[in-house]
Structures are given as structure tokens and as C-alpha cells.
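Reviewing the structure listed below.
Every number in this text was worked out from the coordinates using simple rules, so none of it is lab data. Predicted model only: the values in this text are computed from it and were never measured.
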Amino acid sequence: MPEDISGEGPRRRRGAMRAALLAALGAAAIAGPGAVARATEPPRPGPGQGADTATLEPKPEDPELAAQELAGREAAGQGLADHNLAETEGAGAAPALEPALVFALRQVGDPYALGGVGPHRWDCSGLVQRAYARAGVRLPRLAADQYRATRRIPRGDLRRGDLVFWSGDGRASGVHHVAIYLGGGRYLEAAHPGTRVRISTFADHNPHMYGRVTRTAAR
């Protein structure tokens, strides 16, 4: 008689399946309770197929050293951002003066030293004098004399490469500080003892006088 009529064939297949299931459960019981759980876990990746995420975690570091490294990266990033901004702002500077600005920007981070004329230690007028010498311009040594050697300009006419000055009495005789204008209200300065050559803004310290450096500024 055909199997689809008698039902003998399906009963045999179901019996075989039950026997196989019982055999598997018996083997798991002999192997221990963790065997069934392990059988349901996904396979671990083999070589070249990935790695356990635990092996990708960084090893513990000294917190102090990690903090110092982060601070160094942030400082370097900020210095680079300031440098790039200074390079792109203040359009209209005389191309002949660009070597002076390039030199001055390279000194950012050097310490201030009273009477410093470099290398790597500067006061305000010492840095200005050495920077503009790179552009073929001879400026006097002192900030007050440097102001006298420039052409007076109003603040609204400032452009990249001009000099900005601070005066205690609003006159040339009272000038006590000088910085290099970079454009966009920013200037580069060697400010005072305890600081380093830096880029500052008019919002930090507002200058009083403004001068344009020319190739005939020598005195």
C-alpha cells in the first residue's frame, strides 16, 4: 500500500528524529551543563576575520602622562590654527614685508627676555627689529624710536605688516611696547616677563598708535 495512504513512512521518519534528539541530549548531559550553551554561541572569528573587542582596548596609561600629551596636542593645534588665521587675514600687506611676518611667526612660543634680541629669547622691540631685518628693513632698537621710524596711520587703515604701539602718555616719548599686526584685529607680540611670544587680539590689549613700515624706515 502507498506510504501517503498508510502513514507508515511519516511515522518512521518522526521516530528517527526523536531518537536522534534523545541521543544528542544524552551526549550533552555526559559532557556537562555548559555544552548546550556553548553550542548556541556564535563562532569566534578566525585569523584575519576580526578580533575580540577586548583585545582592541588600549592598555592603562599613567593619567598624568596622558593629560600632558593631550595638553600638548591641543596647544599645538591651537598654535597651528592661529598661524593659519594670521596667514590668511589682513589682505593688502606689502609683499616685500612677508619675510618679516614669516620670521616672527616662527618665534611663537619663545620666552620673553628683557633686552632679548634672539635667537629664541626676545623682548618686544628686539623681535620686531630682527623680523623686519629679514625683509631688508632696518629699524631702531627701541619701541619709541621704531614708532618714530614708521609712517603714522589711523587705525582704520591698518593692514597686515603694520606695527601697533602702546604709549603711557599718547606720545612717541611714552611708547613702551610694540607688536606686529597680522590682520583681523590680531597681532604678534613678545609681551612681558613671564610670557612667551604669542598672538593676541585687540580685545586682549588695545593699542594706542599705529605705524606703517616702509623700506626707507632706516634711521
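Taking amide H positions as modeled 1.01 Å from N, with prolines and chain starts lacking one, no residue 5 or more places away or on another chain lies under 5 Å from Arg134. Close amide-amide hydrogen proximity is noted between Val175 and Gly168, each under 5 Å apart and 5 or more residues distant or on a separate chain (H modeled in the peptide plane; Pro and chain starts excluded).
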